[in-house]
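Here's the structure, in structure tokens; my notes come after.
The values are calculated or read from the model by the stated rules, or taken from the named source; none is laboratory data. Just so it is clear, the model here is predicted, and its values are computed rather than measured. In this analysis, Cβ positions are derived from the backbone assuming ideal geometry, glycine residues included, and neighbour counts consider all displayed protein chains. Each accessible area value is taken on the protein alone, full model and side chains, heavy atoms only, with ligands, DNA and RNA left out. Shrake-Rupley method; radii C 1.70, N 1.55, O 1.52, S 1.80 Å.
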Amino acid sequence: MSPTPGGAGAPRDRLKVLSRRAFSFLLDWMAWGYVAYCVMYLLNYYWYTVHVDWWGTLTLPSWGWPVVILATLELAVWCRSLGRSLGQRAIGVALRPVAGERISVGRRVLRGFLWHLSVPLAPVWIARGEEPLHDRLTQVGLRTETPDPERPGRRAILTQWGFVSLFLGALTMCVGWLIIGINLQVLIRRAPQAGRIWGEMLRPDFRYFTAPDPVFHLRALSYSILDLTVVTVFMALVATVLGGVMAFPLSFLGARNVMGFSPAGWATYGVIRGFFNVFRSIETIIWASIFAIWVGYGTVLAGILALTIHTIAALGKLYSEQVEGVSPGPLEAVWAAGGSRIQVVRHAVIPQVLPSFWAFTLYRWDINVRMATVIALVGGGGIGDMLFYYKNQGDWSKVGAVVMVIVAVVWAMDYISGRLRERIA
Amino acid sequence: MTGYPEGYTSPRPEWTTGRGLYNALARRADVAAKYFAMFLLDAGGLAALWLLVTYAYAWYVLGITAYILVPWWVFALGVVEGAILWESLGRSWGQKALGRELTPVSGEATAIRRLLYFVLWNLFGLTGIGFVLVPPLHERWSGLGLRRERPSSQAPVPWYRTSAGLFVAVLLVVTLVSALGVTLTWESLRRLFTQAGQTVEFWRALVRPDTTILLDAMRDMIVTVFMAVLATLFAVAVSVPLSFLAARNLMRGPVGRPIYTILRGAMSIARSIEPIVWAIIFLVWVTALRSPFAGILALWVHSIADLVKLYAERLEAIDQGPIEAITATGAGRLSVLRYAIVPQIVNPYISFTLYRWDINIRMATVVGLVGGGGIGQRLINYIWGVQYRQAGTVMILIVILVWAIDYLSARLRAKLA
Amino acid sequence: MPTPYLVIDGLTKVYERGQVHALRGLSFSIEKGEFLVVIGLSGSGKSTLLRCINRLIEPTEGKIWLDGTDVTRLSAKRMRRVRRRIGMIFQQFNLVDRATTVRNVLTGRLGYIPGWRSLLGLFSSQDKQTALANLERVGLRDKAYARVDELSGGQRQRVGIARALMQKPEILLADEPVSALDPATSHSIMQYLEQMNRQDGVTVIASLHFLSLARRYGTRIIALKDGQLVFDGPPKTIDNAKFKEIYGEDAEEVEVR
Ligand SMILES: Nc1ncnc2c1ncn2[C@@H]1O[C@H](COP(=O)(O)OP(=O)(O)O)[C@@H](O)[C@H]1O
Ligand SMILES: [Mg+2]
């Protein structure tokens, strides 16, 4: 069934179609709002009508806001009537004539005007279950676009949406360039300084690979590069084990097919999934800054806790997606043999997911080692302590040595975990 | 045809022809590689165990960090001989990992035979001399051979009754014990249970965020988003062409293979360095005055390395069918590229790019922490300024941003698939 | 007068999604020891009927009496006790591919063991002996420790039978047990079912696609069409006209030898 937007059909379907239309309209409006923002940024930047500091600000006179909002709204409306707008393309619909071969320009313009009449009257025609007024009066409809084998479509760049997306892309480039302050001249002018650093880093100083470096102290102890490398790998290991152990039971609570469809099941599922999503959105290093305040700046435990929390959330999500993807057959078989819910999980779900759980856990260890190398920046401990210490001292040849060790370890972990994952899968 | 009657001449040995020689050498190299892989696993495992045990011992008992505690040659000899002994007398974990088993060619695997195997493996295996023959010398003379283990209808021996299983278990336990010993201190554990109050200001931001900084924070967030978008776009522009040079199946021959190897090696090194580390290097280069610039450069380099790998791996997995079909019509290399390869990779490439964009948003906030501009820089300034409520507010904003982008990119990718 | 072993009374199933009426007021009864074959076009409700009997699917209306108890009214816990008396084998075998054969067979025992023991995967040695004996019975003793994904289709279904045997079932539901198999293998599987029926006195309800198989193995046939009973009787009484009624005018009977 091809949806007839706003047309006849079950009321639920009609509302769904209308909300999709509203969404696509919003998309168009936002696109033009973004264009307006960029244009004004560029105007400000080049004509200094308002002062701009380097990262950019947008200050409009008080009457400016309504003008911008209305202007972008109108632009969106006319774009949607006169051609195939970006928003229409995004949800895969196009204007099609209900009667007649083609839609004349006059009809399109009329539709644009009628839109303003039709929207305030929306409650009326929605209640009466009719097509939107402006569509009905101009004898057009928004239909799902099916490619016509007779008439090949125009090249994307020649359509409205194609042009607009290209324009948006170019605008983003320009504005982004200015906002970020990309400056290639600096890159070239300061190349000699950078070259000096690179040169020193490429002549690494491995004197303190196994012997503790007397100038580097952590809580009154000196460490060698090797010591801290071991600590870093161990940090990642402990965090992965802890995180995996905790994510394992949680992942079943966050899986639709295990939790069932009772209200309690839904609630548990929602809470667990929400927990995974929120905690995953906070980067490990941000967690580390919180835990560094809690358990002490520069303690390894802070790093471990940060890695663990992020690992629980990330692994939990991956695990529960695996659990949701199991084939339902074996579950059915255990139910049929009189198994309880726990037995179904233990004997039908777990055997199916265990190999991929191992693969994800290995992968996570790999990621955790990477994270553990830099977590010291905010007081999470590990080899990063050394890295940032030497960097602050300007001792770039020691920085080079540390970076090389990090690269070797990370690379080896990547390789080994990749090979192991291949074997498991 | 030599003209001599059948059986009068012996056939030319196989290895006198080029191809035959190559095959013979390859066979021997194969056998030797199997043996040495096994040996490396065993010796490496024993070495790791020894290192960990001494490490834990030194840490807990002597209170120092030390790794071997014996002269290095004792360590080396012990590890090597231990591994060989294990392989000769029992079923080592290297053998288990590669699915091999030491079985008698005929008769029983007596202790004498196993000891003989041990001695011969030392003499001829380690030195590599024995591998000139297939099967190698130590196998021939001891009458024992490494065979693929046969699946049996008997219940498999439980892991705790095999030496390999016990070894792995001990290794895991020792690893965890030493890892916990090294990483945990009593002081930090004590703080974990008593000092939770230190972070109360962060959580206060959840209920009472500091709204006065919202506008400034939003501005920084715009910078962060632009950093991620531009870094991704610029990275795509570089990595799409590079990915063709980094695909194993497209780069053949004496020119192609070295390019492939160098490119993939460089990319995997660049990928191993976290964006934060790249950012500190670039910060020195472009100075801290232009921190977002340094940040975007860091993201750019790391994205290139990551995208080239992802793209190239996709290229390596393309279906050969269309390529053959188009080539068979007599089309040139460019047409093959345009009509057989590109259609297969467009969607996956876009999908990888969206994925990387999502990661770059996260990384852009992280890169800010070292002074790479954007919202991350604001966050770290608040943290170091002990303005925890403001820091908490910024964190909430970051969570919303990251979560929204994550959702968006996942939705778009689901549509592409 | 003794009541029949299994009575199905006015069984109706309406699937929420799409408002599909899969079964419409189905009623019939079975005596102990029968080999009942259910035939019908695909989509006629055979799987739904079988799954309603052990309540893998909740019936919308109607009653199912098994040996005098109304199955549809049982609590979840009591239902599990009833389920272990009902064995089931499936068209797609429903085995855990990554586990060994004997592991899969042992899952048939789960209804009998308390929660914590099964959580640890500790099966008693007696259960293990029975599992091996059942594998022996279906001729798979030598594959006991092979992973299921190394087995062929017929072997997998035999594992499914061994798993059902673990329950010591009184009644066996077989949902198109041979649809995924080739003709020769089909017969061997059906013979195992027949053997269970004759030797162990297990009541068998099997849904089948091929009339020839139904005639050969069934003691009684029922036919479904759009969720309604269109035939019920001994195999011999299905003639060409009946066949056309069940399968539609254009259908042509195919032999499975
Ligand atoms: N889970 C379900 N949701 C909705 N409709 C279903 C479901 N399962 C089966 N049906 C429908 O119920 C009818 C009977 O299906 P089924 O019992 O599987 O038939 P058979 O096993 O005879 O092929 C079919 O029309 C089918 O589409
Ligand atoms: Mg069916």
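Under 5 Å between amide hydrogens, built in the peptide plane, is the criterion, and for A:VAL98 it picks out A:VAL140, A:GLY141 among residues at least 5 positions away or on other chains. Per residue, the accessible area of segment C:88-168 comes to 41 Å² when a 1.4 Å probe rolls over the protein heavy atoms.
Each of B:GLY368, B:VAL168, B:LEU401 was scored by the projection of its Cα onto the charge dipole of chain B, and the greatest displacement toward the positive side belongs to B:LEU401; charges sit on the C-beta of Lys, Arg, Asp and Glu. For segment B:238-250, putting each phi into the Karplus relation 6.51 cos²θ - 1.76 cosθ + 1.60 with θ = phi - 60° gives couplings of 7, 7, 4, x, 5, 4, 5, 6, 9, 9, 4, 6, 8 Hz, in residue order, rounded to whole numbers and with x for Gly and Pro. Relative to the dominant Cα principal axis of chain A, helix A:11-47 is inclined by about 70°. Solvent exposure of segment B:242-357, expressed per residue, is 44 Å² of accessible area, with all protein chains present and a 1.4 angstrom probe.
The order of B:GLU14, A:GLU422 by accessible area, most exposed first and with a 1.4 Å probe, is A:GLU422, B:GLU14.
One way to sum up the overall shape of segment A:10-150 is the equivalent ellipsoid from its Cα gyration tensor, whose semi-axes run 34, 17, 15 Å, largest first.
For chain B, the fraction of C-alpha pairs more than 32 angstrom apart is 65%. With the largest listed first and rounded to whole Å, the semi-axes of the equivalent ellipsoid of the protein assembly as shown from the Cα gyration tensor are 54, 50, 32.
On average, how much area does the Cα convex hull of segment C:30-79 cover when viewed from any direction, in nm²? Please list the in-between numbers first.
Details: hull surface 16.8 nm².
Mean orientational projected area (segment C:30-79, Cα hull): 4.2 nm².
Surface analysis of segment A:190-288 yields an accessible area of 45 Å² per residue, using protein heavy atoms and a 1.4 Å probe.
Please give the calculated 222 nm ellipticity per residue for the protein assembly as shown, where each DSSP H segment of at least 4 residues contributes -39500 (n - 2.57) and the sum is spread over every residue; nearest 500 deg cm²/dmol?
-19500 deg cm²/dmol
Residues of chain C were split at every exposed loop site, defined as GluC sites (Glu not before Pro) in a DSSP loop with at most 10 other C-beta atoms within 10 angstrom, and the longest piece left, sites excluded, is C:17-248. Note every residue of segment B:191-216 with a reduction of at least 20 square angstrom in accessible area, all protein chains present versus the isolated chain, computed with a 1.4 Å probe, or write none. The answer is B:ARG191, B:LEU192, B:ALA196, B:GLN198, B:THR199, B:PHE202, B:TRP203 - residues whose exposure falls by at least 20 Å² when every protein chain is included. Computed in the context of the full set of protein chains, the accessible area of segment A:127-204 at 1.4 Å probe radius has 62% of its extent on carbon or sulfur.
What would the Debye formula give as log10 I(q)/I(0) at q = 0.14 Å⁻¹ for the alpha-carbon point model of chain A, no solvent? The Cα Debye sum returns log10 ratios of -1.16.
Here the 3J(HN,Hα) profile of segment B:388-397, calculated from phi with Karplus coefficients 6.51, -1.76 and 1.60 at θ = phi - 60°, is 5, 5, 5, 4, x, 4, 4, 4, 4, 4 Hz, Gly and Pro shown as x.
Relative to the longest principal axis of the Cα atoms of chain A, helix A:160-180 runs at roughly 40 degrees.
Karplus-based coupling profile of segment C:185-190, in residue order and whole Hz: 5, 4, 4, 5, 5, 4, with θ = phi - 60° in 6.51 cos²θ - 1.76 cosθ + 1.60 and x standing for Gly or Pro. For segment C:63-111, heavy-atom accessible area (probe 1.4 Å) falls by no less than 40 Å² from the chain alone to the full protein assembly at C:ARG80, C:ARG83, C:ASN94, C:VAL96, C:ARG98, C:THR107, C:LEU110. Dimensions of chain C along the principal axes, based on C-alpha atoms and rounded to the nearest Å, stand at 53, 43, 42, largest first. Cross-link reach is defined here as a Cα-Cα straight distance under 23 Å, omitting same-chain residues fewer than 8 places apart; for C:LYS242 the lysines meeting it are C:LYS46, C:LYS225.
Using a 1.4 Å probe and counting only protein heavy atoms, how much accessible surface gets buried when A and C come together, both sides summed, in Å² to the nearest 100?
1800 Å²
Around the amide H of A:VAL93, modelled in the peptide plane, lie the amide H atoms of A:GLU145, all under 5 Å away and 5 or more residues distant in sequence or on another chain. Comparing A:TYR363, A:TYR45, A:TYR390 in a Gaussian network model of chain A where C-alpha atoms under 10 Å apart are linked, the largest mean-square fluctuation is found at A:TYR45. Of the residues in segment A:259-293, those shielded by at least 50 Å² of accessible area once partner protein chains are present, compared with the chain alone at a 1.4 Å probe, are A:ARG280, A:SER281, A:GLU283, A:ILE286, A:ILE290, A:ILE293. Comparing B:LEU297, B:LEU337, B:LEU397 in a Gaussian network model of chain B (Cα springs below 10 Å), the most mobile by mean-square fluctuation is B:LEU337. Take every DSSP beta bridge whose two residues both sit in the protein assembly as shown; close to 65 percent of them are antiparallel. In this assembly, the A-B interface accounts for approximately 6400 Å² of buried accessible surface in total, computed with a 1.4 Å probe and without ligands, DNA or RNA. Would you work out what percent of the accessible area of segment C:1-156, with all protein chains in place, is carbon or sulfur (probe 1.4 Å)? Of all accessible area on segment C:1-156, carbon and sulfur atoms account for 48 percent.
Carbon-plus-sulfur fraction of the accessible area of segment B:202-416, 1.4 Å probe, in percent? Of all accessible area on segment B:202-416, carbon and sulfur atoms account for 68 percent.
GNM on chain B, alpha-carbon springs under 10 angstrom: the most fluctuating residue among B:GLY392, B:GLY44, B:GLY18 is B:GLY18. In this model, which of C:LYS32/C:LYS168; C:LYS32/C:LYS128; C:LYS77/C:LYS168; A:LYS317/B:LYS309; B:LYS96/C:LYS143 are farther than 23 Å apart at the alpha-carbon? Table pairs above 23 Å Cα-Cα are C:LYS32/C:LYS128; A:LYS317/B:LYS309.
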